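Following: one structure in structure tokens, then a few remarks.
The values are calculated or read from the model by the stated rules, or taken from the named source; none is laboratory data. Here the structure is a predicted model, which means the values were calculated and not measured. As a convention, Cβ positions derive from the backbone with ideal geometry for all residues, glycine included, and neighbour counts pool all protein chains shown. Note: accessible area is taken over every heavy atom of the protein model, side chains too, but ligands, DNA and RNA are not part of it. Shrake-Rupley method; radii C 1.70, N 1.55, O 1.52, S 1.80 Å.
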Amino acid sequence: VSGSGGEAPQAYEVTRPGLSPIGTRRAPTKLAEELALTIEREVLDAGWPVGTILGSESELLARHGVSRAILREAVRITEYLGFAEMRRGPGGGLVVTSPGLSAVMTAVTVYATFRDVGVAEVMAARRPLEELAAQQAAKRRTPSDVNELWARLTLELSEDRSDHWALHDQLAAISGNPAIELFVEVLSRLTGQYRVTSRMEPQDGRKRRHEGAVAHRGIVEAVAKGDADLAGRRTRVHLDAVEAALVAGDPERTIVLGKGDGDHEKRSTSVARRILDNIVGQGWQVGRLLGSELELQQRYGTGRSVLREALRLLEYHHVIRTRRGPGGGIIVAAPDEEATMEAMAVYLEARSITAQQLLEVREALELAIVVDAAAKPRSSDVDALLAVLEQEERAPAREIGVMGHLLHRRLAELSGNDALLLFVHVLTRLTEFRQLSPGRGFQLTYEEAAGAVARAHRAIVRAIAAGDVELARRRMQVHLRALPGHLR
Ligand SMILES: [Zn+2]
Ligand SMILES: [Zn+2]
């Protein structure tokens, strides 16, 4: 299982030297995690054939040369991430499955909690994404989509406690773009954590719900008519109003972790959330001792098996780790952000996101980022961008597939918005993956592609440094729209 062993990475090294596919850059902390990654690569390389059996337990033991305990731990991870599950009985084995949303949502919630992503950041990410979602929904909606939107509106007007963000999620789903759908759902989860109700009079709450429903009706009417521009514009206006109300209400945040399926899972998820709450309440001090397993059982009033399941969930997301020996116990850890990005990228890959869809979302997010950067160019930011350009230009042309994304990621970092940063990382990684897969690749030579990217990047940075918002925006747009010529 060790780095040099597996067959898939070697195949990649032959076709695209110096580059690594999704997942290989993350340093696995355990043999089991490493094996889970190997299995994940196998599934990706095979084109995600849901229902295919990867092998029986004994076949997998022989193929990977690991102990039964390691294999079972790895299978637990693949089942948790939802890309393969072990079926017992004759004809059973490790079966490829379609990954579920729940693990991804938990990973993002942990990331956002750790990074302390606030209302303003969430809303700044929502605007470009949902404007695009509404435009796409207006172009793609079917009569049954429109019926479902009207049904949701009726529910909103009749129900006191309907979920405001459900309609937003529905529009994102109609867009047919898996990245829009995932990101909007993630943002809805994060926005839904903020509540101002505790400080609000009941009549204010009703008034706000009514205003929300009226705005939603305007958006749905535009989508139903197929007027993409109007749908996008109304969405933007609506989100501005929601943000203003949220910020003015000084909202309280309640952490929400993944939805459990069974009762048992639900209890452990709720214990995990309470532990996470406690960690956040103490300012997320990495290295702090939370106590022994027994102490935690008593503190959270739970049995050993439920606590262990909660701890496994938190351990998987690197919220905690276990230290053995004297002075040991459950310790606060730092989340593995690479793993979060990977979980999202893998989820989108499994949903067969196309290059076109990928670039469409990148355009929406990255234009918002570049406009922001050019509107207030700080000299330290410009210096940082110039340093990235040099780094990109110094790299061998063959590495353009990875190095060409440095500027995009640095710009996202400089935006100071950790939600945008996360999304841009996921999308650029998926772009890399398209350049890496066997049988796909550049239509240009490496040198031609590297030259074109370097020129475009310099021009973008010059426009930002000059504070020319319109020019920076246009140059980024032209650059991103030229990328399909580099991708197959
Ligand atoms: Zn709304
Ligand atoms: Zn670029």
Contacts under 6 angstrom Cβ, first residue in the range 202-221 being under 19 Å from GLN136 (Cβ atoms), partner more than 10 Å from ligand 1 (Cβ to nearest atom) and among the charged types (D, E, K, R), 6 or more apart: GLY218/ARG234; ILE219/ARG234
Tell me, please, whether a residue that is at pLDDT below 95, open to solvent by 60 Å² or more (accessible area, probe 1.4 Å), acidic (Asp, Glu) and touching a helix residue (DSSP H, G or I) at 6+ places or on another chain (Cβ under 8 Å) can be found in the range 462-479. no
Only unsatisfied item for LEU182, checking (1) under 22 Å from VAL110 (Cβ atoms); (2) surrounded by fewer than 19 Cβ atoms within 10 Å (Cβ to Cβ), is (2)
Take the residues in the range 42-92 that are open to solvent by less than 60 Å² (accessible area, probe 1.4 Å) and of a type in the set (Asp, Glu); name whichever of them is modelled with the highest pLDDT. GLU57
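May I ask you to list the residues in the range 305-354 that are of a type in the set (Val, Ile, Thr) and open to solvent by 20 Å² or more (accessible area, probe 1.4 Å)? Even if it seems obvious, please write down each step before you answer.
The initial filter retains those residues of the range 305-354 that are of a type in the set (Val, Ile, Thr), namely 306, 319-320, 322, 330-332, 340, 346, 353-354.
Selection gives THR322, THR354.
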Can you list residue pairs whose Cβ atoms sit under 9 Å apart, with the first residue in the range 165-187 being closer than 11 Å to GLU360 by Cβ and in a helix (DSSP H, G or I) and the second being away from ligand 1 (no atom under 12 Å from the Cβ) and among the charged types (D, E, K, R)? Count only pairs 6 or more apart in sequence or on different chains. ALA179/ARG351; ALA179/GLU360; ALA179/ARG362; ILE180/GLU360
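Would a scan of the range 398-406 turn up a residue that is in contact with a strand residue (DSSP E or B) (Cβ under 8 Å, 6 or more places away or on another chain) and over 22 Å from THR269 (Cα atoms)?
Going residue by residue through the range 398-406, those that are in contact with a strand residue (DSSP E or B) (Cβ under 8 Å, 6 or more places away or on another chain) are none.
No; the residues of the range 398-406 include none that is in contact with a strand residue (DSSP E or B) (Cβ under 8 Å, 6 or more places away or on another chain) and over 22 Å from THR269 (Cα atoms).
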Would you pick out the residues in the range 362-383 that are surrounded by fewer than 15 Cβ atoms within 10 Å (Cβ to Cβ) and touching a helix residue (DSSP H, G or I) at 6+ places or on another chain (Cβ under 7 Å)? ALA375
(1) modelled with pLDDT under 85; (2) among the acidic types (Asp, Glu); (3) open to solvent by less than 40 Å² (accessible area, probe 1.4 Å) all hold for ASP263 apart from (3)
